[in-house]
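Accompanying notes for the structure given below.
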Amino acid sequence: MRKPLIAANWKMNLTVKEAVRLATSLKQKLKKVKNKEILLCPSFTALQEVNKAIKNSNIKLGAQDVCYKDKGAYTGEISPKMLKEFGCKYVIVGHSERRHIFNETDNIINLKLKNALKNKLNPILCVGETLTERKSNKTKKVIINQIKKGLKDVSKKDMKNVVIAYEPVWAIGTGKTSSPQDAQKSHNTIRNRINKIYSKGISKKIRILYGGSVTPDNSKELIAQPDIDGSLVGTKSLKAQDFSRIIK
Ligand code: PGA
């Protein structure tokens, strides 16, 4: 049985004070939730204080990005070790904003994912097609390609620590969600590919989250799909009320 994971991606939105306030409110609202894993991914600058705010709770901490190197002359970068110092258990890699605004390639994303695994941080690998790709019927091809390249040289053993997030680019921050049926189709494509690359056992265990304009109103139907194991929430994770409704 796959335990649902509901992750908040706060992106570049909250100051430390605001992030702590939101985390504290969520800790209170979600204290009775047992059957789901809850994850907050604040900005790097808020990690330390949010980690303190969620102490002794059922909420875990993650980062939004990580460097593919461990140490050295890489101005502006943050290493896995630095993230772990602040209590991070997860890290998002290959988010569509990293791919499309900051030109991250599949190769860079693969290096980041492997460096996270090497340092015992669980990566959440994001994949998803653009609107143009979708309109030209390339969705399946694009996501298979991102999965293959993103997971290149990742061992079977390491795969148990990987989470995948399917986030159609056209649905992120736009208010347009994939229909649960369409999302299920892509999730199924991803699971089948994991089966092909690794094994049936691994494909059955791996969690595949849906992301892209998830709201308290559409989350129930999305997560009811057989291959959707949780969500990666942006906009609606910035208000305690909305995010806790999604989780509940
Ligand atoms: P959104 O963002 O919920 O605002 O669409 C999701 C994401 O980018 O992870």
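Just a few scattered comments:
- Remark: relative contact order (segment 163-248) = 34 percent; criterion is Cα-Cα distance under 8 angstrom and separation of 6 or more residues.
- If R0 equals 25 Å, the separation of the Cβ atoms of Y74 and K160 corresponds to a calculated FRET efficiency of about 0.30.
- Length gained on full extension, K89 to K32: 18.4 nm, using 0.36 nm per residue less the C-alpha separation.
- Full extension of the chain segment joining N119 with K52 gains 21.9 nm, where the gain is 0.36 nm per residue of separation less the Cα-Cα distance.
- Computed FRET value (nearest 0.05) for K152 with D217, which takes r as the C-beta separation and R₀ as 30 Å: 0.20
- For the peptides 185-194, 87-96, 41-50, 172-181, residues were scored by their other Cβ atoms within 10 Å and the scores averaged per peptide; the highest-first order is 87-96, 41-50, 185-194, 172-181.
- Backbone phi angles across segment 135-144, fed through the Karplus curve with coefficients 6.51, -1.76 and 1.60 (θ = phi - 60°), yield HN-Hα couplings of 5, 9, 6, 9, 3, 4, 4, 5, 6, 5 Hz in residue order; Gly and Pro are listed as x.
- Between segment 117-133 and segment 134-194, the Cα center-to-center distance that results, in Å: 8
- Here the Karplus curve 6.51 cos²θ - 1.76 cosθ + 1.60, taken at θ = phi - 60°, turns the phi angles of segment 58-66 into couplings of 8, 9, 9, 10, x, 10, 8, 6, 7 Hz, with x standing for Gly and Pro.
No value in this document is a laboratory result; all are computed from the given coordinates. None of these values were measured; they are calculated from a predicted model. Virtual Cβ from ideal backbone geometry, glycine too; neighbours counted across all protein chains shown.
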